[in-house]
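For reference, the structure discussed in these notes is given below.
The values are calculated or read from the model by the stated rules, or taken from the named source; none is laboratory data. None of the values given here were measured: they were computed from a predicted structure. Heads up, the Cβs are rebuilt from the backbone with ideal geometry, glycines too, and the neighbour counts pull from every protein chain shown. Protein only, heavy atoms only, side chains kept; ligands, DNA and RNA dropped before computing areas. Shrake-Rupley method; radii C 1.70, N 1.55, O 1.52, S 1.80 Å.
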Amino acid sequence: MSSPMSASTFLEALMNEGLTVLRVGDWRTHNRNHKGPWGPVNGVMIHHTATRGTEATVRICRDGYPELPGPLCHGVIAKDGRIHLVGYGRTNHAGFGDDDVLRAVVAEKRLPADNEANTDGNRHFYGFECENLGDGQDPWPDVQLDAVEKAAAAICRHHGWTSRSVIGHREWQPGKVDPRGFTMDSMRARIRDRLK
């Protein structure tokens with residue numbers, strides 16, 4: 001359990017991990033903090049966008065939809081591996097999920113099955129949306145998977161967390177399938193190796 005990094009420290013952590021980071025507009029102050037607290041933070045959540053095209057994806061993740069205002073994450077990980085920062089603070093990415101999963105993330109233990117949605121995840125997780133249709137057919141370029149690994153590792157490194165603090169949306173909220181196209185166990189193994 002940690003206090004969130006400052007926006008500047010977050011940016012620095014990503015860049016120190018070797019990522020190319022693009023800053024979109026007023027990303028440092030674009031958030032949903034008026035809807036509730038941001039922190040304590042406990043982990044990193046990975047999503048897929050179910051969209052095509054980086055420009056449109058970044059716009060949607062920054063601005064959101066009429067029924068779900070943006071920002072929808074902290075950073076968009078594009079197919080080319082670049083990270084577009086669209087918000088910082090509380091963002092609309094995690095929604096309500098399972099308190100048993102949160103306890104496992106905090107304890108860095110094996111995740112239980114998510115079977116209820118009773119806990120506000122937007123408060124507790126950094127969120128990355130990854131540009132992918134999420135249909136199981138859209139490819140995940142190596143450079144994009146490398147960026148997912150590096151971004152999650154950067155946050156874990158700063159907070160002193162292990163790879164067990166990184167989860168997929170599908171592991172948090174019943175009915176979610178993202179990210180689809182790779183397993184979170186394989187991604188956690190990559191992050192674990194990077195943190196060694």
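Full-extension gain between Asp193 and Glu55, please, as 0.36 nm times their residue separation minus the C-alpha to C-alpha distance.
Fully extending the segment from Asp193 to Glu55 adds 46.5 nm.
Lys and Arg at +1, Asp and Glu at -1: add these up for the other residues within a Cβ distance under 11 Å of Ala147 and post the number. Local charge sum for Ala147: -3. Its relative contact order, with pairs defined as Cα atoms under 8 Å and 6+ residues apart, puts the chain at 28 percent. Extent along the principal axes, Cα only, for region 1-81: 34, 33, 22 Å, with the longest axis given first.
Take every pair of alpha-carbon atoms less than 8 Å apart whose residues are at least six positions apart; their mean separation over the length of region 59-135 yields a relative contact order of 31 percent.
Based on the alpha carbons, how large is the Rg to Rh ratio for region 113-172 when Rh follows Kirkwood?
On the way: Rg = 13.3 Å, Rh = 13.4 Å.
Here the Rg-to-Rh quotient is 0.99.
Counting only residues at least eight positions apart within a chain, or on another chain, the aspartates and glutamates with an alpha carbon under 12 Å from that of Lys79 are Glu55, Glu129, Glu131, Asp138, Asp142, Asp146. Spatial offset of region 10-63 relative to region 158-196 amounts to 17 Å, using the alpha carbon center of each.
Straight-line cross-link partners of Lys109 among the aspartates and glutamates, defined as a Cα under 15 Å from its Cα and at least 8 positions apart when in the same chain: Asp98, Asp99, Asp100, Glu171, Asp185.
Quick check: net charge around Pro40, other residues with Cβ under 13 Å of its Cβ, Lys/Arg +1 and Asp/Glu -1?
+1
Straight Cα distances below 14 angstrom link Lys196 to the aspartates and glutamates Glu17, Glu149, with same-chain residues fewer than 8 positions distant left out.
Find out how many positive minus negative residues lie around Ala104, taking Lys and Arg as positive, Asp and Glu as negative, among other residues whose Cβ is under 12 Å from that of Ala104. Intermediate values should be presented prior to the final figure.
Numbers: positive: Arg103, Lys109, Arg110, Arg164; negative: Asp98, Asp99, Asp100, Glu108, Asp114, Glu171.
Computed value for this residue: -2.
Alpha-carbon geometry of region 87-140: the Rg and the Dmax are 13.3, 34 Å, given in that order. For region 1-40, the extents of the C-alpha atoms along the principal axes are 32, 28, 11 Å, listed from largest to smallest.
Dividing the Cα radius of gyration by the Kirkwood radius, what Rg/Rh value follows for the chain?
Values: Rg = 14.8 Å, Rh = 16.2 Å.
Over the Cα atoms of the chain, Rg/Rh equals 0.92.
Based on DSSP H segments of at least four residues, each scored -39500 (n - 2.57), the chain has a per-residue ellipticity at 222 nm of -9500 deg cm²/dmol. Here, region 29-138 has an Rg and a Dmax of 14.1, 38 Å when only alpha carbons are counted. Simple rule: put +1 on each Lys or Arg Cβ and -1 on each Asp or Glu Cβ in the chain, find the dipole, and look at Pro69, Gly43, His158; the Cα lying farthest toward the positive end is His158.
Could you put Arg164, Arg59 in order of accessible surface area, largest first, with the 1.4 Å probe and the full protein assembly present? Before the final figure, lay out each step's value.
Values: Arg164 100, Arg59 125 Å².
The ranking, largest first, comes out as Arg59, Arg164.
Note on region 1-62: dipole from Cβ charges, positive end direction compared against Ser3, Thr54, Leu14; the farthest Cα belongs to Thr54.
When the convex hull of the C-alpha atoms of region 89-196 is computed, what volume per residue in Å³ does it have?
Values: hull volume 10.9 nm³, N = 108.
For region 89-196, the hull spanned by Cα atoms encloses 101 Å³ per residue.
Can you tell me the FRET efficiency between Leu133 and Asn33 if r is taken as the Cβ-Cβ distance and R0 is 25 Å, rounded to the nearest 0.05? Mind showing how you got there, number by number?
Numbers: r = 31 Å, r/R0 = 1.24.
About 0.20, to the nearest 0.05.
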